[in-house]
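Encoded as structure tokens, the structure appears first; notes follow it.
The values are calculated or read from the model by the stated rules, or taken from the named source; none is laboratory data. Since the structure is predicted, the reported quantities are computational estimates derived from the model, not experimental observations. Here the Cβ is made from the backbone with ideal geometry for all residues, glycine too, and neighbour counts use every protein chain on show.
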Amino acid sequence: MRNDTTMSKVELEGAEISDEQLMIAHQAGDERAFPMLVERYRSNLHRYLQRFLGSAAAADDVFQETFLQIHLSAATFDVTRTLRPWLYTIASNKARDWYRHHKRRATISLDKPIGHGENEFTLLDVVSSTSNQPGESLSAREESARVKKVVDALPELHREILLMAYFQRFSYQHISEMLSIPLGTVKSRLHSAVALFADTWAQTTHETSKDHS
């Protein structure tokens with residue numbers, strides 16, 4: 001049964017309505033609410049999935065599967081909680097399923113800026129101090145290719161937590177809930193992921209330096 005009050009709220013507030021209010025409206029039968037929710041997340045979620053999967057086509061498929069699952073599970077969503085972590089949990093699970101089915105790994109760029117203003121940095125900055133070759137910089141294209149190769153070699157759990165923490169900027173608490181792991185495990189896994197990236201980057205830098213010598 002449609003709820004005219006809820007539908008009116010969606011229509012009048014439009015972009016100002018919260019994700020949770022849209023889910024309440026969808027649960028109440030407002031046919032306008034769900035398409036608005038899909039469009040709201042189309043850009044950001046698709047980018048997240050494309051980085052996760054390394055394929056725009058795969059991201060398209062997983063995006064559709066994610067929102068199909070959201071639609072089917074809408075009645076189970078606790079509207080007193082925040083929608084975004086729940087949505088990204090489903091998307092991440094769908095992406096992992098895609099991986100297992102296709103038996104391949106993704107490529108992710110970690111040169112996207114993190115932070116704001118004077119505090120902006122990239123994961124390349126994290127590993128720069130591990131390199132003993134400060135005068136032997138590569139071209140931006142070569143460096144980007146090497147970053148992708150290093151990340152491609154990371155275990156899935158490390159690659160995933162880097163995405164959640166650095167690209168989507170989820171809090172440790174949200175990541176803990178999304179991955180169903182203790183808060184301490186989130187911190188240690190993220191630390192290990194960055195350390196592993198740094199070690200692998202340093203090793204490839206050394207190998208590249210030897211090849212060029």
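Each residue in region 19-40 was checked for being of a type in the set (A, V, I, L, M) and within 21 Å of Phe63 (Cβ to Cβ), and 6 pass. Among the residues of region 87-115, those that are at pLDDT below 75, hydrophobic (A, V, I, L, M, F, W, C) and more than 13 Å from Ala59 (Cβ to Cβ) comprise Leu110, Ile114. If you go through region 46-79 and keep only what is of a type in the set (Ser, Thr, Tyr), touching a residue at least 12 places away in the same chain (Cβ under 8 Å) and within 26 Å of Gln27 (Cα to Cα), you end up with Thr66, Ser73.
Only a single criterion out of (1) out of contact with any Pro (no Cβ under 9 Å at 6 or more places or on another chain); (2) at pLDDT 80 or above; (3) in a helix (DSSP H, G or I); (4) surrounded by 13 or more Cβ atoms within 10 Å (Cβ to Cβ) is not satisfied by Gly184, namely (4). Filtering region 55-79 down to residues that are small (Gly, Ala, Ser) and touching a His at 6+ places or on another chain (Cβ under 6 Å), which residue is nearest to Asp152 (Cα to Cα)? Across region 55-79, the extreme among qualifying residues is Ala59. Of all residues in region 146-161, none are at pLDDT 80 or above, at positive phi and not assigned by TED's automatic domain parsing to the domain that holds Pro85.
Only residues that are part of a helix (DSSP H, G or I) and surrounded by 12 or more Cβ atoms within 10 Å (Cβ to Cβ) were counted in region 57-87, giving 20.
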